[in-house]
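To keep things clear, I will list the structure first and then write my remarks on it.
What follows is calculated from the coordinates using simple rules that are stated; it is not laboratory data. Because the structure is a prediction, the values reported are computed rather than measured. Quick reminder, even Gly has a Cβ in these numbers, built from the backbone with ideal geometry, and neighbours come from all protein chains shown.
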Amino acid sequence: MRVRIEIEPELPEDEVIIRCRKVEEHILKLQQMAVDSGPGDSCIALQSGDTKYYVPLAQLLFFETEGKLVQAHTADRLYLTDRKLYELEESLPGSFMRISKSTIVNLDHIYSITRNLTASSIVEFYGTAKKVYVSRNYYKALTERLGEKRRKI
């Protein structure tokens with residue numbers, strides 16, 4: 001596969017063109033990744049009661065499994081999704097990361113991580129009392145990703 005970037009300052013907005021011999025699954029994944037990594041106004045369909053909400057991804061703190069349900073948390077609300085955690089992990093943009101078997105977090109909202117050497121460490125978020133746990137297996141990868149993001153700022 002070839003990848004080429006052409007810079008055209010006169011374009012009214014960025015455009016990604018995918019040329020392929022035929023549409024296959026990896027092409028569709030590339031398309032979805034390009035859409036997801038665009039401006040932060042991408043939304044996800046979530047449910048609360050009988051109402052379906054279209055919540056901007058930038059507002060989501062984390063996804064977690066509770067029994068057979070997958071819950072999506074914002075700072076002040078809880079929603080449900082019918083998608084599986086592994087499906088979300090594949091389709092969410094790079095600001096999201098799995099931190100345990102049952103949790104995916106939005107790295108942009110992490111305020112602190114309290115390290116616990118014998119058990120899971122506690123992850124806290126800006127502007128809310130909600131907390132999740134990062135397992136020891138994911139702790140190092142999480143701190144590295146956060147270090148990369150913070151260096152860009």
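Odds and ends about this structure:
- Among the residues making up the range 8-30, those that are acidic (Asp, Glu) and over 27 Å from the mean Cα position of the chain (by Cα) are Glu8, Glu10.
- When each of Leu80, Leu60, Leu92 is tested for being loosely packed, with under 15 Cβ neighbours inside 10 Å and out of contact with any Gly (no Cβ under 7 Å at 6 or more places or on another chain), the lone residue that passes is Leu80.
- Residues (in contact (Cβ under 8 Å) with a residue 40 or more places away in the chain and either exposed (fewer than 11 other Cβ atoms within 10 Å of the Cβ) or more than 15 Å from Gln59 (Cα to Cα) (or both)) located in the range 98-122: Arg98, Ile99, Thr103
- In the range 43-101, counting only strands (runs of 3 or more DSSP E) that sit wholly within it, the ones holding 3 or more residues that are closer than 19 Å to Ile122 by Cα span 62-66, 69-73, 96-100.
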